[in-house]
Amino acid sequence: MKKNLAIFTGVVLLALFYSCKTLEQQVNQFKPVSTTSQQYLAIEKNLAQLDSMSPHVGAHIDKSFLMEYLPAEIKKNAESINDENLIITKLDPTVELDQQGVFIRGDFNITLVKYDITIAGEFKGVAATSLEGDSLFLRTALNWLDIQNIKYIKKPGLTKKALVAIIVPALRNFMTTANALFLRKPFAFYVPLKQVYQFDVTRLFKDTALRISATPVELARYNKKSAVKIGSEGITTLIELTNKQPNTPPAPPAGIASYSPKQLKEKFNEYTKKFEQHWLNNLDTLPKGAAVVAMVRKSELAGLVNQALSNPVTVSRNLLLPPMQVNEKVELEKSKINCQAVRTDFSYPAFNGDACDWNCMRRITIGVCPFCRRVRVEDPACAASRRACVIKREAERVIWQTARNAANLAHEAENIAKIGACNIWRSATDFVALGRFKVDAGGSGNGSVNFSSIHLNDDLSKISLQYNGNVNVNFKADLEMTPLDLGHIFLCFARYSKTIRTSIAASIPASSSTLNITPVTQGNNLLLNVQVDPVSYRATMNNGPLEQLFSDVTFRAQCPIFSTLMQAGTIGATVGNFLGVVKLAPEQKLLLTGSASGQYEIKELSIPVKPIVFRINQGEDKQSVISWRTKTIQFAYTKPLLMAGN
């Protein structure tokens, strides 16, 4: 009996106590959930990654930047909840970062439309972080509500118990609906590293006249390992990349051990120390004042470029031989001028007098026939006439011979005068000008350089090139010999010209060079410029212009200079002798003898690095500024300073 009375009394007292609670107290059934153990386990997971990773990329989002965008995103998403029975009239979140946790808290007001009830209170939540590709996602989840005030727009006429039965499920529905929306629409911060990885081989060469041929290589980078540190200063990540899609094993089930705040603090301090040391071992120090920073190791960028250039690259261009004009005197040493050559043979018309050789013999009959006979006798009148003709002819011959002898004497005197004049002309200088040698030449064709290897070193200070190539040019030359004065005797009898067409071919031998890389900022881009030395080549023709000239039968017949130069007996020696009588520049000699040397210009290589454009939730873009650091290429966005008075 006493036992039953005690139970009854307890129930009554409990009922009385409960009935004395305010409605706010009765609906506060959302107890705060400790995240200490989850934070501790997250640190352990990141520590395990950190110990075995070699990061290529680091990124940091400053707390001030998150404070500017994350609360507004949470508010916008919450207020977009479309529920006819529940209206969110106020939700003002704040964000706190601490010991591997992102904590959300703030005030809220909601209205239960059906019952004309407004509820005000405080909420708390956490945001889970995840790295997916080139993005950082924060997924918020509400896990605690503290109801501070419940007001009625119109008295519902319900008991507290009935109201509790209405309000608590509505609040649970509010949390469930909000968390589902936050899951579907996480806060996303994009660090599009693919912008850095994009590399067009054809843009490597600045000279637009070059034609580039290369089999493209698909570049891809995936997150192999990552570590995230969340502290009061912001969110920082380290990422190790790989060019193959990683096969990520499923995460082991989380442990069920519980950890104290002290253990969490100690573990976080241990992790922070290791994380910061790992950062400094691989990357550069974070710049002060930057809202967002991404750093890519130079060795990673070098690896990307080397992979993009792993296939041979052929660079070709049209070639134009500079026009070559020659207008030089042809001069022989006076010792090679034989003035007897000016002597001409004497010629005089042959004597053309009458022959006086007609026949004066006649046949006559002697005796009386039949005893007569025929005999040959000379006709006296005819013979007299022939003797007169001979006397006349001999007189004419004497006159002709006298005239011929006089002409011969005059011709000899002329030859002696010519020889004398030639000797005077020859003795006037050591070299005797015979005329002019003219050349108008040029050509066009194609040259190509094949880069079998283009390799950047890890610190992007040097680039190594291995290459070979070839040059092919069609060549045309108009040659002309114009004699002057006695050059008509010693050079050519008259002006001689010849057009010569041939081809030039050259091979650029296998070579290698290592060149310095100079980083230059141009606009928003960073250019890694390489000054490439011209590639030298030496080419040969099938038949050189002078060789073809001296092989020409017409030239040999019309130009005595050939006989003078041909004393060595070979065309090659003749060409050599000719180069001794005409003053030519070295490059002109090479070209006319069938050789050519030149340089294949590539000018400058330039590897462009574009700035990363950070993006918030597929919307607002923040363009970074590129900096050349000791170990990395840095991409940083700094919020602009407000103008004075704003």
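The values are calculated or read from the model by the stated rules, or taken from the named source; none is laboratory data. Keep in mind that what you see is a predicted model, and the values were worked out from it rather than measured. We place every Cβ from the backbone using ideal geometry, glycine too, and count neighbours over all the protein chains shown. Note: accessible area is taken over every heavy atom of the protein model, side chains too, but ligands, DNA and RNA are not part of it. Shrake-Rupley method; radii C 1.70, N 1.55, O 1.52, S 1.80 Å.
A simple spin-label model places the labels of Ile153 and Trp628 6.6 nm from each other, with each point 7 Å out along Cα-to-Cβ. Projected onto the charge dipole of the chain (+1 at Lys/Arg Cβ, -1 at Asp/Glu Cβ, origin at the Cα centre), which of Ile607, Ser37, Val95 gives the Cα projection farthest towards the positive end? Comparing the listed Cα positions along the dipole, Ser37 ranks first. Aspartates and glutamates near Lys498 by alpha-carbon distance under 13 Å, same-chain residues fewer than 8 away left out - which ones? Correct list for Lys498: Asp440, Asp478, Glu480, Glu547, Asp552.
Normalised by the number of residues in the chain, the average gap of Cα pairs under 8 Å and 6 or more apart makes the relative contact order 14 percent. Please work out the Cα center distance from the range 602-635 to the range 159-186, rounded to the nearest Å. Centre-to-centre distance over Cα atoms comes out at 45 Å. Each peptide among 312-322, 365-375 gets the average number of other Cβ atoms lying within 10 Å of its residues, and from highest to lowest they stand as 312-322, 365-375.
Packing order of peptides 491-503, 514-526, highest average first: 491-503, 514-526 (average count of other Cβ atoms within 10 Å over each peptide's residues). Partner aspartates and glutamates whose Cα lies under 15 Å from the Cα of Lys124, excluding those fewer than 8 positions away in the same chain, are identified as Asp92, Glu96, Asp98, Asp107, Asp146.
Determine one quarter of the surface area of the Cα convex hull of the chain, which equals its mean projected area, and express it in nm² to one decimal.
69.7 nm²
Exceedance of the 18 Å cut-off in Cα-Cα distance is limited, within the set Lys45/Lys274; Lys610/Lys639; Lys229/Lys639; Lys45/Lys267; Lys114/Lys185; Lys194/Lys288, to Lys610/Lys639; Lys229/Lys639; Lys114/Lys185; Lys194/Lys288. Assuming R0 = 56 Å, what is the FRET efficiency of Arg538 and Gln401, from their Cβ-Cβ distance, to the nearest 0.05? After rounding, the FRET efficiency stands at 0.25. Considering helices alone, the calculated mean residue ellipticity of the chain at 222 nm is -10000 deg cm²/dmol, with DSSP H runs of length four and up weighted by -39500 (n - 2.57) and normalised per residue.
Charge dipole (Cα centre; +1 on Lys/Arg Cβ, -1 on Asp/Glu Cβ; no other charges) of the chain amounts to roughly 1060 debye.
Shown here for the range 95-181: trypsin sites (Lys or Arg not before Pro) in loop regions (DSSP other than H, G, I, E, B) with at most 14 other Cβ atoms within 10 Å, namely Lys154.
Looking at the chain, the accessible area is 54 square angstrom per residue; that uses a 1.4 Å probe and ignores ligands, DNA and RNA.
For the range 339-393 versus the range 125-154, the spacing of their alpha-carbon centroids is 150 Å. Here the spin labels are modelled as points 7 Å beyond Cα on the Cα-Cβ line, and at Glu378 and Ser135 they lie 14.2 nm apart. Per atom type, the chain shows carbon and sulfur on 53% of its accessible surface, probed at 1.4 Å.
Each part reduced to its alpha carbon centroid, the range 265-293 and the range 553-582 end up 83 Å apart.
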